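To start, the structure under review is shown below, and the notes come after it.
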Amino acid sequence: MKIYIIQFVNYTLSFFMWMILGRVVLSVISGNRVTFLTGLFEKITEPVYRITRTIAPFAKGGWVPFLSIVLIFLLRIVLIVLSSPTGAQQ
């Protein structure tokens, strides 16, 4: 059962990471026009951005997506290392 929870959290973090990348690419392609798709990406990724801004209030503007992806990536690494059978004792 534990492995399913870890996999769910890992996949959820991966989903948010890809959504942030999608939001960045879409904002570059659409030229910051407001469309249904950009609104959808904003609604999905804004909670992650809010957490990132709380953790790192110095992050402004275009650095928030980059920092969010880095934090998610680090969380996924920690999750995978701690969930491995040997843990972090390799």
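As a check on your grasp of the helix formula, calculate [θ] at 222 nm for the chain: sum -39500 (n - 2.57) over DSSP H runs of n ≥ 4, divide by the residue count, round to the nearest 500. It would help to have the intermediate numbers written out before the result.
On the way: 3 runs with 70 residues, N = 90.
Computed ellipticity for the chain at 222 nm equals -27500 deg cm²/dmol.
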Response to the item:
Computed ³J(HN,Hα) along the range 2-9: with the Karplus parameters 6.51/-1.76/1.60, θ = phi - 60°, integer Hz and x for glycine or proline, the list is 4, 5, 5, 5, 5, 5, 4, 5
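Can you tell me the convex hull volume per residue for the chain, based on C-alpha atoms, in Å³ to the nearest whole number?
109 Å³
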Fill in: In Hz, Karplus ³J(HN,Hα) per residue of the range 18-24 (6.51, -1.76, 1.60; θ = phi - 60°; x = Gly, Pro)
5, 5, 5, 4, x, 5, 5
Response to the item:
If the chain between residue 21 and residue 78 were fully extended at 0.36 nm per residue, the gain over the current Cα-Cα distance would be 18.4 nm
Worksheet item: If Lys and Arg each add +1 and Asp and Glu each add -1, what is the summed charge of the other residues whose beta carbon sits under 14 Å from the beta carbon of residue 68?
Response: +3
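Bear in mind these aren't lab numbers, they're just calculated from the coordinates by the rules spelled out. As the structure is a prediction and not an experimental result, all values here were calculated from the model. We place every Cβ from the backbone using ideal geometry, glycine too, and count neighbours over all the protein chains shown.
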